[in-house]
Amino acid sequence: MGSENRDYFRDEAKRWGGGGGGGFGGGGGMPPITKYLLIANLAVFVLQMVFGTARRGGFLSPFPLLNFNVEQAISGFQVWRLFTYQFVHADFFHILFNMIGLFFFGPLMESWWGSRRFLAFYLLCGASGAVVASLLGALPGLGVFPPGAKLVGASGAVFGILAGCATLFPHQRVQLLFPPIPMSMRTMALVFLGIAALSVIAGSANAGGEAAHLGGALLGFVLVKNAGLLSWADRVDTAAVSPAAVKGKVEAGRFERKRKQEEALEAEVDRILAKVADQGLASLTNKEKKTLNDATAAKRK
């Protein structure tokens, strides 16, 4: 997907305090969360390709652990699958089109939300896709997401981004790659959502995936209309999990353990010296003598 009217986007990005990037803005570089999401999706896909069909090391394939299915995610309480399935893809074209959508429209949404809210928005839209697919799959006769079926892909999150862009910038002109037809953002969103809805109603082979598209788009629209729902994301202390913070906590833990060990040693030495004063040096066991000698040697250093 490409875009037209780039001046329009630059004005919008400035108005919302965004940095632009990707296929739309171009001026400010790829914003961080969009970039990291692209890298994470591609990295997981490489692992799938390497280990998915390997005769040795197949247990390292991310697919069995990360995909979403009702039995494990809901019945088995493996709720992380609501989020991890978004980073697993079925094949090359599956990830290609999802990453094209993220590359072109992710920077626009991240510039509007800010990085922290955008990450929450992305993951929640993807999770909403899995929830909606599961709910529709539970309806008798619809056959959208049958028992045992597995859901993978970032499509729910990408459709959330698409719905958000169409809500915020409905008249922004974009151009599809296949076919190269220019249209408004709102028109493009309606076309894709219409295809998804018809696929669910008709019970297509990918009805579960199309239901996830609808679920992601629905939550994307709701969150953009009620942006305050993600205000909590601004209060998340990302510095607490930064590499520097983690290193500091590890070092602090080592210091605390060393301090406790020294205090315990001092207490043991005091006990041994008290025993010597009371019963004489001959009363010490070999272990107590070694402890006393080690403590004496440590103090001489």
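The values are calculated or read from the model by the stated rules, or taken from the named source; none is laboratory data. Values in this document were obtained by computation on a predicted structure and should not be read as measured data. Don't worry about glycine lacking a Cβ; one is built from the backbone with ideal geometry, like all the others, and counts go over all protein chains shown. To get the accessible areas, we keep the full protein, side chains included, count just its heavy atoms, and leave off ligands, DNA and RNA. Shrake-Rupley method; radii C 1.70, N 1.55, O 1.52, S 1.80 Å.
Across region 19-57, what is the total count of residues that are open to solvent by less than 30 Å² (accessible area, probe 1.4 Å) and either modelled with pLDDT under 75 or closer than 20 Å to Phe93 by Cβ (or both)?
Residues in region 19-57 being open to solvent by less than 30 Å² (accessible area, probe 1.4 Å) and either modelled with pLDDT under 75 or closer than 20 Å to Phe93 by Cβ (or both): 13 in total.
Regarding Phe178, is this residue open to solvent by 30 Å² or more (accessible area, probe 1.4 Å) and either assigned to a loop (DSSP other than H, G, I, E, B) or within 24 Å of Ile201 (Cβ to Cβ) (or both)?
Taking the combined requirement at face value, the residue satisfies it.
Open to solvent by 20 Å² or more (accessible area, probe 1.4 Å) and closer than 18 Å to Val79 by Cα: is that true of Leu139 in this structure?
For Leu139, the condition - open to solvent by 20 Å² or more (accessible area, probe 1.4 Å) and closer than 18 Å to Val79 by Cα - is not met.
Looking only at region 88-119, count every residue that is over 16 Å from Gly29 (Cα atoms), in contact (Cβ under 8 Å) with a residue 60 or more places away in the chain and open to solvent by less than 10 Å² (accessible area, probe 1.4 Å) and tell me the total.
Residues meeting the conditions: 4.
Among the listed residues Ala233, Ala212, Ala196, identify the single one that is over 27 Å from Arg116 (Cα atoms), assigned to a helix (DSSP H, G or I), at pLDDT 90 or above and not β-branched (Val, Ile, Thr).
Ala196
Inside region 290-301, can you point out the residues that are at pLDDT 85 or above and among the charged types (D, E, K, R)?
Result: Lys290, single match.
Return yes when Gly129 is open to solvent by less than 20 Å² (accessible area, probe 1.4 Å) and under 24 Å from the mean Cα position of the chain (by Cα) and no when it is not.
So Gly129 fits the description; yes.
Determine if region 134-145 includes at least one residue that is part of a helix (DSSP H, G or I) and either of a type in the set (S, T, N, Q) or within 19 Å of the chain's Cα centre (by Cα) (or both). So that I can check it myself, show each step before the final result.
Our first condition is that a residue be part of a helix (DSSP H, G or I); within region 134-145, this holds for 134-137.
With either of a type in the set (S, T, N, Q) or within 19 Å of the chain's Cα centre (by Cα) (or both) added as a condition, the list becomes 134.
Yes, region 134-145 contains at least one residue that is part of a helix (DSSP H, G or I) and either of a type in the set (S, T, N, Q) or within 19 Å of the chain's Cα centre (by Cα) (or both).
Return the residue satisfying two criteria in turn: it lies in region 253-291 and is within 54 Å of the chain's Cα centre (by Cα) and among the polar types (S, T, N, Q), and of such residues it is surrounded by the fewest Cβ atoms within 10 Å (Cβ to Cβ).
Residue satisfying both the conditions and the ranking: Gln261.
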